[in-house]
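Engineer: Let me begin by handing over the structure; questions about it come next.
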Amino acid sequence: MLVEHPSDLSHGDYSTNAGIKYADKKEQIIEYLNKHKPKEIEKIDMAGPGFINFHLSKEFFKQSIGEIIKEGSEFGKNTKLKGQKIMVEHTQPNPFKEFHIGHLMNNAIGEAVARIVKASGAEVKTATYHGDVGLHVAKAIWGMQKGEKDPYPAGAKAYEDDEKAKAEIVEINQKVYDKSDKQINDLYEAGRNKSLEYFEFLYKKLNSHFDYHFYESEAGEKGKKIVSDNVGKVFDEGEGGSVIFKGEKFGLHTRVFLNSEGIPTYEAKEVGLAEIKKEIFHYDQSITITGNEQDGFFKVVEVAIGEVFGELKGKLKHLSHGQLRLPTGKMSSRTGDVITAESLIETVKEKTKGDEDIAIGAIKYMILRQSIGNDIIFDIEKSVSTEGDSGVYLQYAYARTTSLLEKANKKGDVSQTYVRETHPIEKILYRFPELVERACAEYAPNYITTYLTELAGAFNNFYAHEQVISDDPESGYRLAIVEAFRTVMKNGLTILGIPTPERM
């Protein structure tokens, strides 16, 4: 049996297919249900081949408007995850490399997921993980030594094209790892600190906060020891003195955790990170959000971690997303053909008369409007459209309520009598808590984005056809609808991490 909201509001507020088997007894079923219906139901009818439609009463909607206003910023929250401790790791920009639009996409999704989980009652800690050691660092330092304007792309190209440069970069990588060269250490510290400061600058722009910052330089040593201590138990010796995890035992594939030089790979670092996380926050679930190119990596690593730390089995979840591209195509950090997050923000700002909150709202909406697993071709013109299906459209609808309520100079009053038909916006407002629960259950921010877009459309229709401010007896109720809409829109945009400007 399926119970859902009909897409056509005229078909009721809830619908079920439970009557299909008994369509030949339509009249008896409807008569019985209407006779025994609760006071919240105005009427029940049957459509088509047995779909039973339930129409909620005017009094129900009246009470729901009052509840929304009364609960204010708490409306939409639930306690489904109360008592749960959840860590959400996302964004993960690497020092010495650009904070690009892939990180921007990850940040928008990660921030929204963290806020949705928190709205469902969980204690949430957010974390980001920085690759502050590795070949990419050595390539950048090589470029810094050579005085290159863009050190990393220059080092990456030299590594591929020049055997002498490649040997120098490999040597730098070892020296960074064992901290044996002062000049290299100084370049490393200066570059690392500059990168991390810049990341903080961007986090502030994006209204994104992290409780913990983890680093590969810390996780690597821990991971190396854990992997080494579990050779013969969880891990096996591989070719050339490497250490591997034989994923085939679990229907997966083999991956290297320590290379032939004994240096921990990304896999081993992830094992070390798991230990750091569980020691710092005794979570019930740890969610890691990355691009979907890492799906195979995490399938193996999470199983390996579960074999090492039995208490973490079932507590690790990898959420992956698609890629964000401009119509010009895919990025390449190796060649320097990178679209940075800041450059995209600035480009969209030009379309919003320099308003950064509107620009960031436009970008986040475009990322969160569809399932997180899909690739996105970012259409700048569409992102700033005021005609609907954009963050700007939602922000405009919210901002309009500021001038409306200020002009009215009085609060809404749901106690006033009203005789008109229930407006579609009333049939949508009360559903917000359901959408938050569903978004949390499926880690799907797009449910909230879609809902808010429908809600904004209903509000604009309401505003166009109703004289909100007047002296007639129903004006107080109309203002109450505006207040309720304002509350739900603000709560929804806040959960998505989208700014809510008071004026536009």
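The values are calculated or read from the model by the stated rules, or taken from the named source; none is laboratory data. Just so we're clear, the structure is a prediction, and the values are computed from it rather than from any experiment. Cβ: placed from backbone, ideal geometry, glycine included. Neighbour counts: every protein chain shown.
Engineer: Go through region 385-421 and give me each residue that's closer than 30 Å to I101 by Cα and either modelled with pLDDT under 95 or out of contact with any helix residue (DSSP H, G or I) (no Cβ under 9 Å at 6 or more places or on another chain) (or both).
Structural biologist: Going through region 385-421, the residues closer than 30 Å to I101 by Cα turn out to be 385-399.
Within region 385-421, S385, T386, E387, G388, D389, A399 meet the criteria.
Engineer: Looking only at region 183-202, how many residues end up being closer than 16 Å to H90 by Cβ and either modelled with pLDDT under 95 or buried (at least 18 other Cβ atoms within 10 Å of the Cβ) (or both)?
Structural biologist: Going residue by residue through region 183-202, those that are closer than 16 Å to H90 by Cβ are 199-200, 202.
Remaining after also requiring either modelled with pLDDT under 95 or buried (at least 18 other Cβ atoms within 10 Å of the Cβ) (or both): 199, 202.
The number of residues fulfilling the criteria is 2.
Engineer: Output the qualifying pairs, or none if there are none: Cβ atoms under 8 angstrom, residues six or more apart or on different chains, first residue in region 1-18 and at positive phi and surrounded by 10 or more Cβ atoms within 10 Å (Cβ to Cβ), second residue of a type in the set (D, E, K, R) and in a strand (DSSP E or B).
Structural biologist: G12/D45
Engineer: Inspect all residues belonging to region 442-455 and state whether any of them is surrounded by fewer than 19 Cβ atoms within 10 Å (Cβ to Cβ), more than 21 Å from K118 (Cα to Cα) and of a type outside the set (S, T, N, Q).
Structural biologist: Yes, because at least one residue in region 442-455 is surrounded by fewer than 19 Cβ atoms within 10 Å (Cβ to Cβ), more than 21 Å from K118 (Cα to Cα) and of a type outside the set (S, T, N, Q).
Engineer: Give just the number: which of (1) of a type in the set (F, W, Y); (2) free of Cβ contacts under 8 Å to residues at least 40 places away in the same chain; (3) closer than 17 Å to F75 by Cα does Y430 not satisfy?
Structural biologist: Y430 satisfies all of (1) of a type in the set (F, W, Y); (2) free of Cβ contacts under 8 Å to residues at least 40 places away in the same chain; (3) closer than 17 Å to F75 by Cα except (2).
Engineer: Let me ask something additional. For region 204-232, which residues satisfy the criterion of being in a loop (DSSP other than H, G, I, E, B) and closer than 16 Å to A274 by Cβ? Steps first, answer last, please.
Structural biologist: Step one: filter region 204-232 for residues in a loop (DSSP other than H, G, I, E, B), giving 206-211, 230, 232.
N230, the sole residue that qualifies.
Engineer: Please go through region 137-155 and pick out each residue that is modelled with pLDDT of 95 or more and buried (at least 22 other Cβ atoms within 10 Å of the Cβ).
Structural biologist: If the condition is that a residue be modelled with pLDDT of 95 or more and buried (at least 22 other Cβ atoms within 10 Å of the Cβ), then V137, A138, K139, A140, I141, W142, G143, G155 are the ones that fit.
Engineer: Next question, about the same structure. Considering region 375-429 alone, what residues qualify as being assigned to a loop (DSSP other than H, G, I, E, B) and within 30 Å of I363 (Cβ to Cβ)?
Structural biologist: Once the filter is applied, which keeps residues that are assigned to a loop (DSSP other than H, G, I, E, B) and within 30 Å of I363 (Cβ to Cβ), region 375-429 yields D375, F378, D379, V384, S385, T386, E387, G388, D389, S390.
Engineer: Moving on to the next point. Which residue out of E189, E248, E239, E200 is closer than 22 Å to M105 by Cα and free of Cβ contacts under 8 Å to residues at least 40 places away in the same chain?
Structural biologist: None of the other options fit; the residue is E200.
Engineer: For region 78-127, give me each residue that is basic (K, R) and within 15 Å of T288 (Cα to Cα).
Structural biologist: K85, R115, K125
Engineer: So, one more: Residue pairs, Cβ under 8 Å, 6 or more apart or interchain, first in region 98-122 and under 15 Å from R369 (Cα atoms), second surrounded by fewer than 23 Cβ atoms within 10 Å (Cβ to Cβ) and among the basic types (K, R). List them.
Structural biologist: none
Engineer: Can you tell me which residues in region 30-86 are in a loop (DSSP other than H, G, I, E, B), among the hydroxyl-bearing types (S, T, Y) and without any contact (Cβ under 8 Å) to a residue 40 or more places away in the chain?
Structural biologist: S57
Engineer: Here's another thing I want to ask about it. Please enumerate the residues belonging to region 363-381 that are surrounded by 14 or more Cβ atoms within 10 Å (Cβ to Cβ) and more than 15 Å from the chain's Cα centre (by Cα).
Structural biologist: F378, I380
Engineer: Just give me the residues in region 226-242 being surrounded by 14 or more Cβ atoms within 10 Å (Cβ to Cβ) and out of contact with any Gly (no Cβ under 8 Å at 6 or more places or on another chain), in sequence order.
Structural biologist: Answer for region 226-242, where residues must be surrounded by 14 or more Cβ atoms within 10 Å (Cβ to Cβ) and out of contact with any Gly (no Cβ under 8 Å at 6 or more places or on another chain): V227, S228, N230, V231, V234, F235, D236, G238, S242.
Engineer: Within region 243-256, take every residue that is surrounded by 12 or more Cβ atoms within 10 Å (Cβ to Cβ) and either part of a loop (DSSP other than H, G, I, E, B) or modelled with pLDDT under 95 (or both) and give me the one that is farthest from the chain's Cα centre (by Cα).
Structural biologist: Within region 243-256, the match that is farthest from the chain's Cα centre (by Cα) is K246.
Engineer: Run down G412, G492, G457 and say which single residue is touching an Asp or Glu at 6+ places or on another chain (Cβ under 6 Å) and either touching a residue at least 12 places away in the same chain (Cβ under 8 Å) or not hydrophobic (A, V, I, L, M, F, W, C) (or both). Working first, answer last.
Structural biologist: Numbers: G492 fails: touching an Asp or Glu at 6+ places or on another chain (Cβ under 6 Å); G457 fails: touching an Asp or Glu at 6+ places or on another chain (Cβ under 6 Å).
G412 is the lone residue from the list that is touching an Asp or Glu at 6+ places or on another chain (Cβ under 6 Å) and either touching a residue at least 12 places away in the same chain (Cβ under 8 Å) or not hydrophobic (A, V, I, L, M, F, W, C) (or both).
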